[in-house]
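Here's the structure we're looking at; comments come further down.
The values are calculated or read from the model by the stated rules, or taken from the named source; none is laboratory data. In this text the structure is predicted, and so the values were computed from the model without any measurement. Here the Cβ positions follow ideal geometry from the backbone for every residue, glycine too, while neighbour counts run over all protein chains shown.
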Amino acid sequence: MEERNICCCGASTWTKVIAWIEIVCSVILIVIFSVVAITIGGSEPDSGHDESFNNMLAVIMLILRAVVLFLMGIVLLRGSLKRKPGHIRAWLVITTIGLIVQVILETVNVVSGGEFVSLVVTALVIPFFIFLLWTVNIHKNEIMAAATA
């Protein structure tokens with residue numbers, strides 16, 4: 001079966017590029033958030049103990065999210081290289097869940113008095129993620145079709 005071209009490259013090439021971008025970006029985020037955590041943890045305690053605790057908790061959650069992003073990038077890359085549709089399906093499910101959770105959190109943030117800008121940014125990112133999911137799904141379907149042929 002011939003690989004489907006999307007823009008300038010095949011779906012498998014796009015999938016590998018997506019995986020590598022996810023891996024590299026997650027490593028950068030882990031480093032940045034770790035530096036922020038060290039900075040928050042090393043600051044002098046003041047009357048805003050609850051605020052610094054909440055900030056540290058938020059940074060730890062961001063680090064954990066970046067670690068999951070890193071692991072899922074590896075799962076996607078491995079699934080593409082070894083032609084394992086189950087790995088790619090796992091990436092599709094986790095990425096879809098992450099996108100849905102992000103939209104819900106941003107909506108709750110805006111409704112509870114947060115900044116509307118973050119919801120607008122999320123709305124602008126959704127089409128990009130739909131393209132990523134669509135592309136990776138094409139690659140998964142091509143692997144499955146080749147396995148049954």
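Listing for the model above:
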quantity: Hey, VAL68 over 18 Å from TRP20 (Cα atoms) and either out of contact with any Phe, Trp or Tyr (no Cβ under 6 Å at 6 or more places or on another chain) or surrounded by fewer than 16 Cβ atoms within 10 Å (Cβ to Cβ) (or both) or not; calculated: no
quantity: Index of the failed condition, ALA66 passing every other in (1) free of Cβ contacts under 8 Å to residues at least 12 places away in the same chain; (2) of a type outside the set (Val, Ile, Thr); (3) within 22 Å of ILE32 (Cβ to Cβ); calculated: (1)
quantity: Condition check for GLY41: of a type in the set (Gly, Ala, Ser), under 20 Å from LEU132 (Cα atoms) and assigned to a helix (DSSP H, G or I); calculated: no
quantity: Segment 90-125, residues that are surrounded by fewer than 16 Cβ atoms within 10 Å (Cβ to Cβ) and within 30 Å of ALA147 (Cα to Cα); calculated: ALA90, VAL93, THR96, ILE97, GLY98
quantity: Any chance GLU44 is modelled with pLDDT of 85 or more and acidic (Asp, Glu); calculated: no
